[in-house]
């Protein structure tokens, strides 16, 4: 892989992983629009590791508290913080549906079937409109402290739709959270925390499906990909969280619709 290809893939992954505009959809578009060869599973894992480290660093206090609560539970101690334990369990509950349905979709070959510009285009528009509707019409009354396990399950079931390229994992989970009445910043915060076990599960799944040919990639390429995606993801998360403190998700919706229309034009012209 050339350094330019690594740079583009890593920056695209880093920026789009946590913004509600679909990282998987953009990663499909890069080789389609540039005629570059597919980057392979190893590079996908590398850039995802970079984004994983970025979200862990940004939400390090939440991550440490949940990890601490989990450790205390395993040791059967009673001095864990109830709020920390509740948030940790909510994240785990939300992760279960995507693990189950992701495995089913892979076994039936649906993930490969859906990898097309046409699917990305339609998903960008349809789920962008849903994001706009729930973001503008839903009340803004709940925070993370109000999160119930029922809320977590609904958000987790919504995340299953992210198996369709162009949907956006962060976008659909924020849409569900806003539909339940969570504040924009809290919807984004829970979505980001939910991405941690989801990315880990996806990376583990991809590793188990590697073949020998896909092991052929240099360590320097992997490090470049992970580092660049880490930096770009950290910047994207920081800017988005600041934006959502004072404004809506409408700019992301407009981008999705414009992108979707452009892609469908390319398909149907």
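The values are calculated or read from the model by the stated rules, or taken from the named source; none is laboratory data. Bear in mind that the values here come from a model prediction, so they are computed numbers and not experimental data. Every residue, glycine among them, receives a Cβ derived from its backbone with ideal geometry; neighbour counts consider all protein chains shown.
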**Prompt:** Hey, residue 110 hits all of (1) farther than 19 Å from residue 200 by Cα; (2) buried (at least 22 other Cβ atoms within 10 Å of the Cβ) but one; which does it fall short on?
**Reply:** (2)
**Asked** When residue 18 is evaluated against the numbered criteria (1) in a helix (DSSP H, G or I); (2) in contact (Cβ under 8 Å) with a residue 60 or more places away in the chain, which criterion, by number, is the only one it fails?
**Response** (1)
**Item:** Single residue of 105, 158, 123 found to be touching a helix residue (DSSP H, G or I) at 6+ places or on another chain (Cβ under 8 Å), without any contact (Cβ under 8 Å) to a residue 24 or more places away in the chain, farther than 20 Å from residue 63 by Cα and part of a helix (DSSP H, G or I)
**Value:** 158
**Complete:** Among helices (runs of 4 or more DSSP H) entirely within segment 162-269, at least 3 residues that are touching a helix residue (DSSP H, G or I) at 6+ places or on another chain (Cβ under 9 Å) and surrounded by fewer than 20 Cβ atoms within 10 Å (Cβ to Cβ) occur in 184-208, 219-244, 250-268
**Request:** Report yes if some residue within segment 87-100 is modelled with pLDDT under 85, over 15 Å from the mean Cα position of the chain (by Cα), buried (at least 18 other Cβ atoms within 10 Å of the Cβ) and under 27 Å from residue 157 (Cβ atoms); otherwise report no.
**Result:** no
**Prompt:** Which one of the conditions (1) surrounded by fewer than 19 Cβ atoms within 10 Å (Cβ to Cβ); (2) closer than 23 Å to residue 269 by Cβ; (3) within 17 Å of the chain's Cα centre (by Cα) does residue 126 fail to meet, given that it meets all the rest?
**Reply:** (3)
**Prompt:** Which one is surrounded by the fewest Cβ atoms within 10 Å (Cβ to Cβ) among residues in segment 30-52 that are modelled with pLDDT under 80 and part of a helix (DSSP H, G or I)?
**Reply:** 33
**Item:** Test result for residue 69, crowded, with 18+ Cβ neighbours inside 10 Å and closer than 27 Å to residue 24 by Cα
**Value:** no
